[in-house]
1. For ARG71, list long-range residues whose amide hydrogen, built 1.01 Å from N in the peptide plane, is under 5 Å from its own amide hydrogen.
2. At a 1.4 Å probe radius, which order do PHE29, PHE67 fall into by accessible area, largest first?
3. Explain nothing, just the number: relative contact order of the chain, from Cα pairs under 8 Å at least 6 residues apart, as a whole percent.
4. Any chance you could look up the accessible area of THR27 with a 1.4 Å probe, heavy atoms only, rounded to 10 Å²?
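The values are calculated or read from the model by the stated rules, or taken from the named source; none is laboratory data. What you see is a predicted model, and the numbers here were worked out from it, not measured in a lab. The accessibility values were calculated without ligands, DNA or RNA, using every heavy atom of the protein model including side chains. Shrake-Rupley method; radii C 1.70, N 1.55, O 1.52, S 1.80 Å.
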Amino acid sequence: QVQLVESGGGVVQAGGSLRLSCVSSGTFFGVNVMGWYRQAPGKQRESVATITSGGFTNYADSARGRFIISRDNAKNTVFLQMNSLKPEDTAVYYCTYRPAGGMNYWGQGTQVTVSS
């Protein structure tokens, strides 16, 4: 059974930084994609950044240049370094894992609040 556990959320002032971590267990070997999504109150869940098992990354326009996604395959962990945070980055951030041809698995989410 796949489990994803996020940590690192919190409250930060605008312009500050946070680093989110997500540890996975029960995940499959082979090609997969891990990533981060977020959902703000009253809005749809949206992709923030993804990274493949081979290290290829993709970013939402809102995250490009400010956020960096990385992963440590040996530790089954994916990270999201968030810099120059803005109030509009306030949301619940979810970690995801998807094996090639498989379904998306989700973590429970971690709250990020950016104060102005």
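1. PHE79
2. Details: PHE29 205, PHE67 5 Å².
Descending order: PHE29, PHE67.
3. For the chain, the relative contact order is 36 percent.
4. Counting only protein heavy atoms, THR27 exposes about 30 Å² to solvent.
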